[in-house]
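Beneath this line is the structure, given in structure tokens, with notes to follow.
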Amino acid sequence: MASHDDMALLPGGDPMSVDGAVQGINVMDPMQGMDGIGAMNGMDPMPGMEGMDAAMQGMQGMQDMDGIAMSLDEVDLFGDPVINNPLDALPARPSLSKPLQLRLEELRSRGSCQGIAWSRHGTIASISKDGMSVELRFLRSNPQTADWQLSEPSFWAPAPAHPAPSPSGSASPVSTSAPFVHLAWAPSSNPDLAVIDALGRLTLLSFHLSINQTCPVRRWETDLVDHLHKVVGCYWLPTQIPGSKQHVHLIHGPAIRSQSDRNQPEYKYEHQVYPAHGPFHPHPGKSAFLCVTTNGALRLFFTQINGRLEETSIELESVNSCDELITHAALCSEKNNVLIALATASKQLRIVRASIHWGLPPADKQVPPGGVPLRPSLREFHVDTASWAQHGSQEPAADALSTAQLTHIEILSSAPAGHGQPLSPPVVLMVRSCVSSDGSLYDLDCQTIIDRWEIVNDQPQSLSPAFQQLGTMPSKPPQMPRLRRLDPIMLPKVVVTITTALFGRIICLGFSDGTVQYRDRFTFDEVYHEQNTDAIMHPLQLGFRFPEPTPCLQVAFSPTNCSFVQMCEDAALQWNQLQCPMDGPNLALETVDQKAVIVALTIALSASALSQVTCDDILAMARPLAQLPDFAASWIRETVNILKITVDYSEETHHDQLIRNILLQMCLSMLGHLHFRGEFKPRPPEGKFATLALAIRNIFLVLTVALNSPPMGKLVPLDDLDVVEAVTGCTRWGISLLGWITDSLFELLDDPEIMAKLNDPKRFPELARYLHSKGDVALQLMLCSSTRGFLSATCRRLMQVESVSNRTSTYYENLALQLQQDPAAAANVPRPAPALLQAYQRMARAVAAPLVRVADFERLLSELSGDIQASYRRSLAGLNAAKVKPQHANMTEQQQQQLNEQFIKKATAHCELDMLLGKNPPPSFREVLLKFFTATLPAFRSQTDPARLFFADYSLLEVAGADDNAARVLHARKAEGRYVDAFKRVELVVPPRCAKATTAGPRTANGDEPRNAAAAGSGAAGSSGTAANIGGSNNNNNHSNNGGGGGGGGSGNNNSSPWAPSISYGAWTPIGGTKGVSPCSPSPGNGNAIEPQWRRCVRCAAVMEDIWSGKPGFNFVLTQQRKCVCGGGWGTMPKGL
């Protein structure tokens, strides 16, 4: 370019002035003209530039004429736009949110940092936002609407303690403030929660009676403060399967649709058996905790035979440098060994096999169970080592920048791909996130890489025959396990959680965008994502869907894998349940039939029942379908068929098997919940029948445990005041039930419509529908063999209570007479506690003048049972399998007889199931009922007082119908806050929550005031062993005080929220326990109001006092109430909620 001086020498009319000006414009920044250039350089306008100005005006006119508003420096030679940096045209790389970046950094830095976990019993534990406490939640059915929701949290925090010593001997200032980082639930029947902090210190929490009330069984103060002790992987040993010696898992499903009729589909269930891998804790029902530290140590925590927690350890790896530190670890059970996958800081994957020897004597020696202390020892064997930083040919080039971004590691034990197939080798899964340090994504199509490694056994190599001459070569060379890398899996999302389902056959993935996936363990293909009604295994195949996803940081799947809880980016917890495919308010299924939906729910429920885990989220998923015609009955019928549940007890004389039938209790619980509309609302007949049946079963359990338990020391449970009160309350409730059933039967006896249907065989099929319209379930309780068995067993226990009461009265009378005759001996005779004496007096009043004599009612049941058994034999004698199926030519007479008996049992069970679900009795029952209403019941009526039965108060039974009078009664009970304690069967009066800060305690039916804790404590302490001295029934070991409510220790903060959380500081507070915060603001100067707690069932909304004591007799009786009568868990919360 010419300089300004050179341009000034050009003559004024020289045409080169224009070319020079244009050249200057193309090279320099755009200006308004040379005047601007001259002004910019502090110079005057140069002469001879007029031609240049004219040329510029001409060029501007050409641009305006062509309509092109583009300067010359914005186009190239061919008129295309000029791009200085080609990368500027690309869209900006998406970046992750700041909370997600922090979460990924935490996952990369260490293993065992899962901050949310869901237990088998329904407790959802999560680490608080500050990391210094554990939040406990659960799913609950809203008492007002019966809709399922996630509860508000209660908190557990470790009590302030002295700092633990560091390796150097000095106290560490951070020892009491290290945040919690990991939670892990035990698979045992009594749930234990392992809480691990950032320094690797372990706290074990146990949950005895309430799913959100805990006490520590191991505290962290004794652990050393050392960063090399940080836990990078942990594992709970599986528990032994109850009643199984082969240690196998049974899976029902998939359900294969029959091709015979597409309009009325039928499904056949496949049953698959898979091996259960050890090692197990020697005591059934118990587990042991294993963890790996960053310095390569394996620690084992186990429960000794005396209940004491002990520990042993072994060194897996010798760590001599920072590159050898363990960053992530995973453990699994594999053929009575523990396989351990270790990821080191030097990007090494190491596989170690550890064995546990419990130090027990050989199996051939006769040693009583629990008679030998456990002395476990650990042994380790290194399997193989590989580098997980190697890249496969299918990985993207950007993965070279993400080799150090390992976030998860999982190891899966060997499992068969299908029934009857050989075991596939164990698999190691390593999850890596492809995210840069600034949070941006390298590749939008690959945000996560899952590396897979199989642990295979190589075939032994054959040696030369010349080596056989050495004489030391083994006959068969051992197989050498090694790692074999499989093709990696690339996903377009960031994985934040990975876990397994169906005993390791299904991989569950949780992503940062709030979505989840289920993948096959063997092929890693996604499953359950397409609609399929021909082979059903999960409700997702029937159109069930999760709600709209919300970005999250962590995910915890439910024990049934039918719902999940996610921790959102703001640290809030959100429950996501499967929603049924309903179409509009008419409750019609969209694209699938009701039969397929019932099959899918049944498979999910069967897995829950076999694994003995809570099924609350399945009930929540099915509740919107409860309004469909005959849905509840069809679901229960399908459940009975797939699980082979026994419902026929017409031939049973003993009731042990009936009471132990947990699956029958589950079916009654399903029936009751699906017809539950909220507390203080009338129940339909189905719900009323199920509620009464479960209550009768529980009454029998309480009375049996209290009356027939062995003595503990010098006392038996009936020497405890609280046990006597519980027995008295259950006795009064049971006698009221017998009176209500009798009164209802007398009402049916006076109903001409009933007699008309019994006399006319054509109208007999209308009997059940007519009883349903009246809301009567008394006759159904009498006809169904299972509930009739409950009633018969309860009658026997009530007669036993009457016998104990009579003997106790005789004992006290003789004692008083002895003291009157020999006053000198009064000092040596132990006097009974006044409170215990008054309790026995209340028991005597309860059985002295019953509404119905228990012995007479039991004879009524026995006579009806005999008539029903005779009716079954008479009606089914002519039916046999030969009339339904052709007799086999080679079948012997004995085989034919067995086939006939099986057919009769199946037909009887079918009739019993129909009556259990409220269907009409079989036609053969018409003669039975005709005799019952014309002969048996009138004779029984002559032995009772019908007027007294009619005017009796049955409010304790909570059997109000659906008429207007019942609605007024329920409304009045709601206004007064009158509840029934599910354990003691006494009234609990809870005034409105904002009326006063404290609530009244329990009252008996006759208005007796509740006792205080001091009186409760004096009951057993001052007792003279009355029940033991009079030769009464052996009693259980449960003693409890009737305090004002328990929990885990109140926070003491002034909080006006009705869901004020309770905080437990590392201890379980007895009698009065956890004190929540009053929902009403305390008045100035009065301090914080203390509010007592109660336990409420998460499923049926039943309530009981939150009580506990240190007396073993009452505690043993109380532990039989670990769950509600319906099988749901107890949640501790402020009274009134």
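If a residue has to be open to solvent by 80 Å² or more (accessible area, probe 1.4 Å), closer than 19 Å to Ser862 by Cβ and either of a type outside the set (Ser, Thr, Tyr) or in contact with a strand residue (DSSP E or B) (Cβ under 8 Å, 6 or more places away or on another chain) (or both) to count, how many in region 928-956 make the cut?
2
Determine whether region 766-774 contains at least one residue that is open to solvent by 10 Å² or more (accessible area, probe 1.4 Å) and more than 25 Å from Ala966 (Cα to Cα). Steps first, answer last, please.
If we filter region 766-774 for residues that are open to solvent by 10 Å² or more (accessible area, probe 1.4 Å), which is where we start, we get 766, 768-774.
With more than 25 Å from Ala966 (Cα to Cα) added as a condition, the list becomes 766.
Yes: region 766-774 contains one or more residues that are open to solvent by 10 Å² or more (accessible area, probe 1.4 Å) and more than 25 Å from Ala966 (Cα to Cα).
Scan region 485-521 residue by residue and report those that are open to solvent by 50 Å² or more (accessible area, probe 1.4 Å), touching a residue at least 60 places away in the same chain (Cβ under 8 Å) and among the charged types (D, E, K, R).
Within region 485-521, Arg485, Asp487 meet the criteria.
Do any strands (runs of 3 or more DSSP E) lying entirely in region 188-234 carry at least 3 residues that are open to solvent by 40 Å² or more (accessible area, probe 1.4 Å) and either farther than 20 Å from Phe155 by Cα or touching a Phe, Trp or Tyr at 6+ places or on another chain (Cβ under 6 Å) (or both), and which ones are they? Show your work before the answer.
Numbers: elements: 192-197, 202-206, 215-218.
Here the list is empty.
Just to be sure before I move on: is Gln144 open to solvent by 10 Å² or more (accessible area, probe 1.4 Å) and part of a strand (DSSP E or B) in the structure I sent? Reasoning before the result, please.
On the way: open to solvent by 10 Å² or more (accessible area, probe 1.4 Å): yes; part of a strand (DSSP E or B): no.
Spelling it out, it is not the case that Gln144 is open to solvent by 10 Å² or more (accessible area, probe 1.4 Å) and part of a strand (DSSP E or B).
Which fully enclosed helices (runs of 4 or more DSSP H) of region 551-669 have 3 or more residues being farther than 25 Å from Pro187 by Cβ? Show your work before the answer.
On the way: elements: 594-611, 616-622, 631-643, 656-659.
So the answer is 594-611, 631-643, 656-659.
Among the residues of region 709-725, is any under 13 Å from Phe983 (Cα atoms) and acidic (Asp, Glu)? Before you say what the answer is, go through the steps one by one.
Step one: of region 709-725, the residues under 13 Å from Phe983 (Cα atoms) are 722-725.
In the following step, the residues that additionally are acidic (Asp, Glu) were identified as 722, 725.
Among the residues of region 709-725, at least one is under 13 Å from Phe983 (Cα atoms) and acidic (Asp, Glu), which makes the answer yes.
Of the residues that sit in region 633-658 and are under 24 Å from the mean Cα position of the chain (by Cα) and among the hydrophobic types (A, V, I, L, M, F, W, C), which one is nearest to Leu791 (Cα to Cα)?
Once the filter is applied, the top-ranked residue is Ile645.
Output the residues belonging to region 525-547 that are assigned to a loop (DSSP other than H, G, I, E, B) and surrounded by 17 or more Cβ atoms within 10 Å (Cβ to Cβ).
Filtering region 525-547 down to residues assigned to a loop (DSSP other than H, G, I, E, B) leaves 525, 528-534, 537-538, 543-544, 546-547.
Hits for region 525-547 are Tyr528, Asn532, Thr533, Met537, His538, Gly543, Phe544.
Hey, can you tell me all the residues within region 689-715 that are open to solvent by less than 10 Å² (accessible area, probe 1.4 Å), of a type in the set (Val, Ile, Thr) and out of contact with any Cys (no Cβ under 9 Å at 6 or more places or on another chain)?
Across region 689-715, the qualifying residue is only Ile696.
Provide a single number: the residues in region 790-799 that are open to solvent by 10 Å² or more (accessible area, probe 1.4 Å), closer than 17 Å to Asp656 by Cα and not hydroxyl-bearing (Ser, Thr, Tyr).
2
Among the residues of region 910-927, which ones are surrounded by 18 or more Cβ atoms within 10 Å (Cβ to Cβ) and part of a helix (DSSP H, G or I)?
Within region 910-927, Cys911, Glu912, Leu913, Asp914, Met915, Leu916, Phe925, Arg926 meet the criteria.
Sort out which residues of region 800-818 are under 12 Å from Val847 (Cα atoms) and open to solvent by less than 20 Å² (accessible area, probe 1.4 Å), and write them in order of number.
Those that are under 12 Å from Val847 (Cα atoms) and open to solvent by less than 20 Å² (accessible area, probe 1.4 Å): Val801, Val804, Ser805.
Tell me, yes or no, whether region 273-292 has at least one residue that is aromatic (Phe, Trp, Tyr), over 24 Å from the mean Cα position of the chain (by Cα) and surrounded by fewer than 22 Cβ atoms within 10 Å (Cβ to Cβ). Quick ask: steps written out before the conclusion?
Residues of region 273-292 that are aromatic (Phe, Trp, Tyr), as a first pass: 274, 280, 289.
Among the residues that remain, those that are also over 24 Å from the mean Cα position of the chain (by Cα) are: none.
No, region 273-292 has no match at all.
The values are calculated or read from the model by the stated rules, or taken from the named source; none is laboratory data. If you're wondering where the values come from, they're calculated on a predicted model, not measured in any experiment. We place every Cβ from the backbone using ideal geometry, glycine too, and count neighbours over all the protein chains shown. Accessible surface areas use protein heavy atoms only, side chains included; no ligands, DNA or RNA. Shrake-Rupley method; radii C 1.70, N 1.55, O 1.52, S 1.80 Å.
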